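Quick notes on the structure that follows.
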Amino acid sequence: MKRIWQFGILASAFVVGAPLVAQQTADSVAPESATEGSVQAVSSVIADAYAAREAGQPVVSDNWMVAAANPLAVQAGADVLRVGGSAADAMVAVQVVLGLVEPQSSGIGGGAFLVWYDAASKKLTTLDGRETAPLDATPTLFQDAEGQPLKFFDAVVGGRSVGTPGTPALLAQAHRRWGRAPWPSLFTAGMQLAEEGFTVSPRLAGLVERDTDRLNRFPATAEYFLPNGQGVQAGDTLKNPAYGQTLRTLAEQGADGFYAGPIAADIVRTVQSAPGNPGVLSAVDMSLYQVKERDAVCVTYRAHDVCGMGPPSSGALTVGQILGLLEPYDLAALGAENPESWRLIGDASRLAFADRGRFMADNDYVPMPTKGLVDPAYLTTRSKLLAGDDALPEVAPGNPTFDHASNWADDEAIELPSTSHISIVDAYGNVLSMTTTIENAFGSRLMTNGFLLNNELTDFSFRSHRDGVPIANRLEPGKRPRSSMAPTIVMQDGAPVLAIGSPGGSRIIGYVATAIIGWADWGLNVQEALSMPHLVNRFGTYDLEDGTTATAQADALSAMGFEVQIRSLNSGLHAIEIGETLKGGADPRREGIALGE
Ligand code: GLY
């Protein structure tokens, strides 16, 4: 397969959306930018993993595999799996190291969704560790005195955007349910790296440089990322003793050491006293936080059941809708080079995003047609809209079956995430797919006890109503903001065959859907499916990945009526194919690898 990728600076661009699907400008701004250069390989095993990634070949193993966004984090997970730890154990070790070495993307100050295949019971379940809106937050939190939405970064930077973190509780619950290793042992690598120092990666250094003004607004954040007024540089050794101490507290006290006591008090104080933009998160919010177990959402695609995270994420429903709408069309026969394949994928995505904008939110707060949205009969009817030759002139939400009355206006949520994805298979056959985030790169930019606090509340719609009609994803006290995160496990005949997911804001959905199509329809190996150039459509404009063969589709797609834009597209897909052997892949656009034995 021909693939051309060049690391480059983000070509940030605003996109004009299709008329009937609401979006805010920031929904179209790329999230984190691409990685310029690669992490220095610290061992021959890691060097081999990078070499396989660049050659489009998966890493192959017999027993276990871990794929994530930074080699130090992957190494920490591999060390746990090697001595008999479960995928849940390894995930804890990976996450606490990611929070140190990739702090812009995820950490204990954020939230996550986890999909778990349990080898013993042969069942899938999902855990929702999404942040919650503070009880004192109101639907107008992100509006000015005239009721107009705030500018995105005016909302993000500071305390206003901080939701109650969910990741520490998720780690604890996953370990309690599926762990084998002693809980404190899972913090050893993170504590050691925090206290002895780790090597700053090119990606972290580059993102610090681009975010200097915002990071500079808060002394604790500036002192860490901009010591002596200069941003940390790639190759620097960076120590974070405060994070090491926080990890020690978590190791000794469990999640209680986070949600109560001095760390919780520091989080609340940091949020409520943020200069210029304080928030309302309180000790009560911290004490009430709970992980929720939810049913996986599954959609049949070809020989597979594609399963993932339901509401409050729109991930599995929207990925599932895209694939379900494409089911009647023979993409395998059409092939990856055929513009007709991309017409179908592009308009299936637009139709799915129309439903997402209208119906999807936290269904603990708003009635949602969860089953209706992926009902085969509904998808078959709606897929007939794709039967023409040209781009749909406009798209509108459909009429999925509700089992109750409902009337929502289209959403206006902003998603400019950071985010990271972890895929793990352990030696017992358990499979984990977890996407984890602090939302925007460096989250709210507020830092306490060595970690960044999320800005996840800006995933709510800034407007609460449109023409007097309520928006499903409006902010309400205690509610979880709608997400696009799509941690996925693909099943075949009741057994897991692929774990996959990605960061990328609302483009996560397109990245995951097209990687599954590349793997399932076009016969790509798992690494090729992740490396495949991106073509992503959400609201009408077709984004083609700059510097790749994707741009060869531009003229044909324009002739069909799509508005085409060539831009940097920064996924961070990590996947493991499960068969007679395990085959792992990592997205060449970021710094990750797969390792296995
Ligand atoms: N904040 C990224 C997401 O939840 O989709």
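Read-outs throughout are calculated quantities, based only on the coordinates presented, and are distinct from any laboratory measurement. For clarity, every value in this text was computed on a predicted model and none was experimentally measured. Cβ placement follows ideal geometry from the backbone for every residue including glycine, while neighbour counts extend to all protein chains displayed.
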Sorted by mean Cβ packing within 10 Å, highest first, what order do the peptides 121-129, 340-348, 170-178 take?
340-348, 170-178, 121-129
Once you put a point 7 Å from the Cα of S287 and another 7 Å from the Cα of E327, both along the Cβ direction, what distance in nm separates them?
4.8
Sorted by chain and then number, the residues having a modelled amide H within less than 5 Å of the amide H of H534, at least 5 places away or on another chain, are E545
What are the GluC sites (Glu not before Pro) within segment 498-590 that DSSP puts in a loop, where the Cβ has at most 15 other Cβ atoms within 10 Å?
E580
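Could you order peptides 218-226, 499-507 by the average number of other Cβ atoms within 10 Å of their residues, highest first?
My ranking of the peptides, most packed first, is 499-507, 218-226.
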Rounded, prolate or oblate: which fits segment 85-198 when a ≥ b ≥ c are the square roots of the eigenvalues of the alpha-carbon gyration tensor, with rounded for a/c under 1.5 and prolate only if a/b beats b/c?
oblate
About the Cα centre, charge dipole magnitude for the chain (Lys/Arg +1, Asp/Glu -1 at Cβ), debye:
600
Length released on extending from A559 to Q245, taking residue separation times 0.36 nm less the Cα-Cα span
107.2 nm
Treating cross-link reach as a plain straight distance, find the aspartates and glutamates whose alpha-carbon is under 14 Å from the alpha-carbon of K123, omitting any fewer than eight places away in the same chain.
E293, D295, D305, D493
From the phi of every residue in segment 126-141, what ³J(HN,Hα) in whole Hz does the Karplus formula 6.51 cos²θ - 1.76 cosθ + 1.60 yield, where θ is phi - 60° and glycine or proline is x?
10, 10, 9, x, 6, 5, 10, 6, x, 5, 8, 7, 10, x, 9, 3
Cα gyration tensor shape for segment 477-544, rounded if a/c is under 1.5, else prolate or oblate:
oblate
CD proxy at 222 nm, helix term only [per DSSP H run n ≥ 4: -39500 (n - 2.57); per residue of the chain; nearest 500]:
-9000 deg cm²/dmol
As an exercise, use a Förster radius of 30 Å and the Cβ-Cβ distance of D390 and R302 to find the FRET efficiency, rounded to the nearest 0.05.
0.70
Mind sorting H534, H574 by how few other Cβ atoms lie within 10 Å of their own Cβ, fewest first?
H534, H574
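For a test of the definition: using alpha carbon positions, the gyration tensor, and the 1.5 limit on a/c, classify the chain as rounded, prolate or oblate.
Judged from the Cα gyration tensor, the chain comes out rounded (a/c under 1.5).
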Which aspartates and glutamates have a Cα less than 14 Å from the Cα of K239, not counting those fewer than 8 places away in the same chain?
E102, E195, E196, E223
Please compute the contact order of the chain in relative form: average sequence separation of alpha-carbon pairs under 8 Å and at least six residues apart, divided by the residue count, as a percent.
27
Measuring from label point to label point, each 7 Å out along Cα→Cβ, what is the R269 to T138 span in nm?
2.9
Approximate spin-label separation Y428-T199, in nm, with each point projected 7 Å along Cα-to-Cβ
3.5
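Rounded to the nearest 0.05, what FRET efficiency do K151 and R217 have when you use their Cβ-Cβ distance and R0 = 22 Å?
Values: r = 15 Å, r/R0 = 0.69.
It comes out at approximately 0.90.
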Under 20 Å from a label point 7 Å along Cα→Cβ of T125: give me every residue in segment 225-255 with its amide N that close.
255
For 429-435, 57-63, 567-573, ranked highest to lowest by mean beta-carbon neighbours within 10 Å, the order is 429-435, 567-573, 57-63
